[in-house]
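Scroll down for the structure; my scribbles are underneath it.
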Amino acid sequence: MDKFLLKKYIAIVVSLISCFAIVLGSASMAYNVIVAGQAAIAAPNELNGMASGHGYDEDEDAKEPAPSLPDLNILVLGIDNEANLPDVILVLTYDGVNNAIDIISVPRDVQVVMSPYEMDMLRDAGRWFPEHGVVKLNELFARGGNAVGYRVTSHHIGNLLDIEFDNYVILDLDAFRYIVDAVGGVYMDIRPEGMYYNVNNAVGGTIEVRIPGGRQLLDGNMAEQFVRFRQYRDGDLGRIDANQQFMREFFTQVLAREHILDNAGPLVASFMTHVRTDFGLPNALRYVGALDALNPGSIDFYTMPGQPVDAPNPAGVITSWFFVDHAEARQLVNEIRRGNMIDNQHN
């Protein structure tokens, strides 16, 4: 692979990090594309052989297509650096036969009534939680801390949707800003009155948003402001919808432009300090080719079925909750599975 194609490959790969990484788009593969990028920088001549495990063969295209990859269920958490709370919670399902992705956005305000097992997980880790066991979903992660936060969160969401997670990916907002800057920003149509918001509290930390109305090129800092904006008529559901719009625009624009990364090495290294995952190197190398072949039409977005409600918390204080419709949530997952099965039969 010549130097130009190598740089373009890395640009696509790093672009996919953002798509799969924070704010929606999934990120299940954030780690593997990072590792692939490092390998590409270290050994350009071996890049073409990564997915298959051997060197480049000019007759490779004439051979039969590679076998389909295993399906995956991945929990993706985008963490607010100041409060250590998940600002973005995603359930990503990967269809290995069709190389397609379904992403379910989960509101942070989902009311959690912890099961005895989940309480035991926190007790065993020496973590404190209220005895009534009623918390918000993003708070559940914070209660568990770095040790078991993702485990207790994945257990609870897994029970809601009747799925088991294969892997997790945890990214912070620094990674999101770096990604957007790396690809030259993202154009978004901002509502005419603009987006202005300023709050500072003990739970959410400082959030300041100042984005003028009209079409804007959002750099990393402005993109973070966009995805953290809170003032929507339908609360967190409005925010989820805006984030999904951002992800669609991001993915479509990045693949359409001929952007070449000149600083891929330092950029990839910086991502490694802002990503935690159990998606190891062997899996990483298996999925490189699949990521490169993705297109905007192969990613579908959904929102956890349910209803936002202002209701008292256990202390009697009116709080914003999201009550999941358990039957519809499981039906959504079954429809995604069934749709993938039907697509597989047609291929």
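What follows draws every value from the coordinates through simple rules; no lab data is involved. Everything numeric here is computed off the predicted structure, so don't read it as measured data. Virtual Cβ from ideal backbone geometry, glycine too; neighbours counted across all protein chains shown.
The simple spin-label model puts a point 7 Å past each Cα toward its Cβ; for Val309 and Gln231 those points are separated by 2.9 nm. Rounded to the nearest 0.05, what FRET efficiency do Asn295 and Arg191 have when you use their Cβ-Cβ distance and R0 = 35 Å? According to the calculation, E is roughly 0.75.
Counting 0.36 nm for each residue step from Val97 to Asp120 and taking away their Cα separation leaves a gain of 4.5 nm.
Rounded to 0.05, the FRET efficiency of the His326 and Arg210 pair, given R0 = 35 Å and the Cβ-Cβ distance, is 0.30. On the basis of the beta-carbon distance and an R0 of 22 Å, Asp219 and Ala147 show a calculated FRET efficiency of 0.05. The amide H of Ala100, built 1.01 Å from its N in the peptide plane, has Asp95 as neighbours under 5 Å, considering only residues 5 or more places off or on other chains. Converting phi to 3J(HN,Hα) with the Karplus coefficients 6.51, -1.76 and 1.60 and the offset θ = phi - 60°, the range 88-99 yields 9, 10, 10, 10, 9, 10, 10, 9, x, 6, 9, 6 Hz in sequence order, with x at every glycine or proline.
Near the amide H of Val209, within less than 5 Å, lie the amide hydrogens of Tyr197, Asn198, all on another chain or at least 5 residues away, with H placed in the peptide plane.
With Rh defined as the Kirkwood radius, the inverse of the mean 1/r over Cα pairs, the Rg/Rh of the range 122-208 is 1.07.
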